[in-house]
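Take a look at the structure below.
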Amino acid sequence: MRVDDQQSQPGADSLDPGSGWSRLVETRCDFAELARREAEAAETRVAETRRQLDAQLPTLISVQTVVDPRATRAAKEEAQNSFHKAIRRATSRDQVELAAASWLAEINRINGSVRGAPARVQRERETTDALAGDLDRLTAIAEASRAMAESAVEACREAKQARAAAHAEEVAGAAGDLPSGPAAPVSARKAAHAALAPASIAAPPASIAAQPASSGAPPASAAGSAGDASPPEESELPVELRGPKPPMIVRLLQQDRATMSRLVDWLAGPDAEQRRRWQLCLSNFVDAVVATAIDNGCFVFTTGNAFWDQLTMDEAREVARGLAALGFRYDGMGEFADGRVPSQRELSMALGQAGLLTVRVRNWPGPEEAAQLYRQVRVDPIALLVEKAPSISMGELVLMLGRRAETVADLWNDWPRARPLLLLPSRE
């Protein structure tokens, strides 16, 4: 079982006015500095990968030129012209034979390069594609690191202000200057502790209203006439995503094949080309949301891990976000990306960013255990929607996905027709 936060985390009023506040502020600001360094390192990795890609492109173009028949023919004609010139300059039989041997050697060299060129082109193309993929991945990581660093710097600033406010309250309280009675304002101590609370977890709406069924019901023939009626305006009300009959977008993000097939049937009909287009579009949408959920630390931590079991779900997610800001990211398959495993020091910094005291942690993972921290972790894309796009509007989703929204342009182009289908109640 997870340790209850109220039982394990010292209360706000139990903190020592001096050392407690200073320790929390120091932890927050140290984390901000590490996050800033990681953001700079991520930018450096992006710049280095871009430099490698820029250097690789001319190489690919060069080897592709070798397999161009026109370039091959031009090279052989040049060799033949050189042979004729050598013949005209020759004054003996030996010089003629030498010119002929040189010509044949050049022809053999050209033929040999052409024979080996396709394999080399394939290798260079694979290298180029890998660098391009790395550049996209590192660019997304750099953007996430930069956003986390900015958030950490802001948290450091607010922590300092909170410490100053708490100190001012202590001084005023000692002097007997604080107002009292029911009309007194909220205490500076409570305001200070509110400022020190983790800021990156946005609380879900207090009550999530269900989307009206009439706005999502497809026509009798969804495949052929879904776009005939005037598209309904997007409701600003939150959609019930955690209910017993969630909308189809939930099943889609859970990678339910029947839901995917049903949506493709409705959106594309029998047209084979349209079916391939929508299959790819919806698959890209799922991949983009899952990748963004990983960036935002939207995980489900199952019980059984000695480290995570000491934290609540929200606390564990904040720690995961802190680890990501320090460059220790979940790869989506149960491991840390790029083989980077955090030490106890980095785990302590991530706990500090989450507003938690390290003294509450009794089970610190060793190096081998730390490498297994994400082994039982599951990505929760629905938590991301609840937090970032509760009404499932196009504006919310595009803002949530950032650069990844570009990969599903077809979905946004047909959003008035697609959204009602995504919000239909799913079938068990």
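Bear in mind these aren't lab numbers, they're just calculated from the coordinates by the rules spelled out. As the structure is a computational prediction, the values presented were derived from the model and not from experiment. Positions of Cβ are backbone-derived with ideal geometry, glycine not excepted, and every protein chain shown enters the neighbour counts.
Net length available on complete extension from Glu154 to Glu48 is 35.3 nm, with 0.36 nm assigned per residue and the Cα-Cα distance removed.
Taking Lys and Arg as +1 and Asp and Glu as -1, the other residues whose beta-carbon sits under 13 Å from that of Ala79 total +1. In this structure, the amide hydrogen of Val377, modeled 1.01 Å from its nitrogen in the peptide plane, lies closer than 5 angstrom to no residue at least 5 positions away or on a different chain. Put a plus charge on the Cβ of each Lys and Arg, a minus charge on the Cβ of each Asp and Glu, and nothing anywhere else: the dipole of the stretch 299-379 about its Cα centre is then about 120 debye. Counting neighbouring beta carbons within 10 Å and listing from fewest to most, the residues Cys29, Cys298 come out as Cys29, Cys298. Close amide H contacts of Phe299 (hydrogens built in the peptide plane, cut-off under 5 Å, sequence separation of 5 or more or a different chain): Asp380. Shape class for the stretch 308-428, computed from the alpha carbon gyration tensor (a ≥ b ≥ c): prolate, with a/c not under 1.5 and a/b above b/c.
Fewest neighbouring Cβ atoms within 10 Å first, the residues Trp412, Trp103, Trp266 line up as Trp412, Trp103, Trp266. Is the shape of the stretch 299-379 rounded, prolate or oblate, going by the alpha carbon gyration tensor and its root eigenvalues a ≥ b ≥ c, with a/c under 1.5 for rounded and a/b larger than b/c for prolate? Taking the square roots of the gyration eigenvalues as a ≥ b ≥ c, the stretch 299-379 is rounded.
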